[in-house]
1. Please indicate, with yes or no, whether at least one residue in segment 157-172 is aromatic (F, W, Y) and open to solvent by 80 Å² or more (accessible area, probe 1.4 Å).
2. Run V619 past the list (1) crowded, with 22+ Cβ neighbours inside 10 Å; (2) in a helix (DSSP H, G or I) and report the number of the one that doesn't hold.
3. For L153, are the conditions met, namely being part of a helix (DSSP H, G or I) and free of Cβ contacts under 8 Å to residues at least 24 places away in the same chain?
4. Given the conditions (1) out of contact with any helix residue (DSSP H, G or I) (no Cβ under 7 Å at 6 or more places or on another chain); (2) open to solvent by less than 10 Å² (accessible area, probe 1.4 Å), and given that V461 satisfies all but one, which numbered condition is not satisfied?
5. Is there any pair with a first residue in segment 69-80 that is at positive phi and a second that is in a helix (DSSP H, G or I) and surrounded by 12 or more Cβ atoms within 10 Å (Cβ to Cβ) whose Cβ atoms are under 9 Å apart and which are 6 or more apart or on different chains, and what are they?
6. Among the numbered criteria (1) open to solvent by 40 Å² or more (accessible area, probe 1.4 Å); (2) in a helix (DSSP H, G or I), which one does A539 miss?
7. Under 9 Å between Cβ atoms, at least 6 apart or on separate chains: pull out the pairs that start in segment 304-317 with a residue that is closer than 10 Å to R341 by Cα and at pLDDT 75 or above and end on any residue that is β-branched (V, I, T) and outside any helix (DSSP H, G or I).
8. Assess whether G455 counts as being surrounded by fewer than 18 Cβ atoms within 10 Å (Cβ to Cβ) and outside any strand (DSSP E or B).
Amino acid sequence: MRQEKLEYLQKKYESRLNPKEDVVMAAGMGGRPKGPHGGPHGGHGRKGMAGGKPKNVKKTVGRLFSYISQDKWKLMIVAFCVIGGTIANLAGSYVLRPVINGLTSENGSTSFLLKGILTMLGIYLIGILAQYLQQRIMITISQGAICKLRNDLFGKLQQLPVKYYDTHNNGDMMSRFTNDVDAVGEMLNNTVVQLISGTINIVGTFALMLYTNVWLTLVTIVMIPLMLKAVQFVGKKSRRYYSAQQAAIGTLNGYIEETVTGQKVVKVFNHEEESREEFEYLNTDLKGKLIRAQFFGGIMGPIMNGLSQVSYSLTACVGGILCVMRGFDVGGFTVFVNYSRQFSRPINEVAMQVNTIFSALAGAERVFAVMDEAPETPDQELAVGIEAEQDKNYYVIPKENPLAKSEGFMEDVVRQDERYYYKEMKGAVTLKDVTFGYTPEKTILKKVSLYAKPGQKIAFVGSTGAGKTTITNLINRFYDIDEGVITIDGIPVTELSRDSLRKNIAMVLQDTHLFTGTVRENIRYGRLDATDEEVEQAARTASAHSFIMRLEHGYDTMLEGDGANLSQGQRQLINIARAAISKAPVLILDEATSSVDTRTEKHIERGMDRLMATRTTLVIAHRLSTVRNANAIMVLENGEIIERGDHDDLLKQKGRYYELYTGLTELD
């Protein structure tokens, strides 16, 4: 049984833990959207993870260094400090030659030794100061670059369409902000400077070795090809395993986030043991990848140290022979063996950075994979905006927009200036022959047509997957339709700028989401410039004022953990208040009362009735009792409207709605 479970988990996670090179998975989409915005898989699926070894190291490195190239003057100072520090270290070592030769000669004296030591001390102090400055400045540069990288990544997330969040895992995305960006930061903090310093050290040491003794230099460099071969072999292994490690970390983080968020569901269905086993599998897989990555990253040091010792011993033996047989000076011999060790040390240091480099490159590629995702399609060049004036909203239509040339356009123009026409926004919503599918393989809506006059309440009922939530997603332009047209006051939503469109559509979803902050701040989220009086008035409209005043600090009560200190009904009332304060002329209610008790539902309904009084309202409901007073009820099945009319009309038809309302059949 245990073996069968392991085989099942291996099959389930194989493509996510061991993604193939040049493959980015996309979640399949179809059926009824279930995410917070109606997306097919919600926000907690584990699809869409990047992985594999970096596809283009040169491009990734170039993009990373573009983040630090803005501090060119600071980089020049760092480079100067690196060069100065390296020269100081090399010069300090070379001063040892005349000191030793002076002591071994007949003219050697204590004062000569003291002078040499003081000279070396002064040179090394200069090197220490240079290293201090380079480290201090480089930390400032690298942290500034990481700050900008995080800002760019978060800014990109705000530009991505809802579809991206419906098909990618929250935990994996958060892993890119933490593990992946931290790996990049570690490389920029230390590795960059060490690479530059190591390169200069190698070149400078090699030049001084040649100057000191050509033959010993040839002996020393014999070991270099072997060292480079070891770096190449171990680096290739390390690179692959560090990429796999980053993908496994993202998967594990995603599973933790998903399980913690859904802990109540886990306990309700007694899946604690299954969750523990699944976590154990993912954790064990990560452990294996970490062991392999850390092994090949850690073994680099011992291998290079061993080869360095061999090189050092060989150089010392040959140098000793040259001192005896060829008259090579003792001071030169002492300095050279010091340089031979110093020559291999930067190679060791560079080799030791291989694990950091490849971990950072793997992380950077995952970050850039998100930043390279296609954003929402841009608004049209002459997009229509909407601006608010007192208690009225107006369309702002560029005179060059083709809409302005259409027949009858000027009839309800309120005013105009040199560049724009202004028309009052009323909130009439129309769908005409709308066809849409989340994927080309499956059509969700089929030639759907309906209209909602300003101030009307239109209700949608039907089975799960019928397309109810999809309609509201399309009105908001979370997705763009395949065929047909959706208009508000006769203006296609594709002509409207997204910001203007969404500012004028308030939504109350079944799944509430409250942010860390006060009750007042959460209500004001619907309109950030609202006054405290408007916040309280919105709460009264939503029937939330009385319970808010009973909280310990009233409107200044802090909410954390998505409002965990409130009941489900109270969270929903705050959600309604947030919609009320927006003053949007179009209101969408997506099963807003389906998860509360009957008593709380009545409070919510009173709040929503006041909220709907002056707005065009689209309601999705499973409880048919909540839509009896709708102006029109649309019954959807399989993406088509099969019945339409008000409550009484539909009962007279004795069709699908009649069967649902009377209990002859139930919604599935």
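1. No; the residues of segment 157-172 include none that is aromatic (F, W, Y) and open to solvent by 80 Å² or more (accessible area, probe 1.4 Å).
2. Result: V619 fails condition (2) only.
3. No.
4. It fails just one condition, (1).
5. Within 9 Å, no pair qualifies.
6. Failed condition: (1).
7. From segment 304-317, no pairs qualify.
8. Taking the combined requirement at face value, the residue satisfies it.
The values are calculated or read from the model by the stated rules, or taken from the named source; none is laboratory data. This one's a predicted model, so the numbers in the text were calculated from it and none came from an experiment. Positions of Cβ are backbone-derived with ideal geometry, glycine not excepted, and every protein chain shown enters the neighbour counts. Accessible surface is based on the protein model in full, side chains and every heavy atom, while ligands, DNA and RNA are left aside. Shrake-Rupley method; radii C 1.70, N 1.55, O 1.52, S 1.80 Å.
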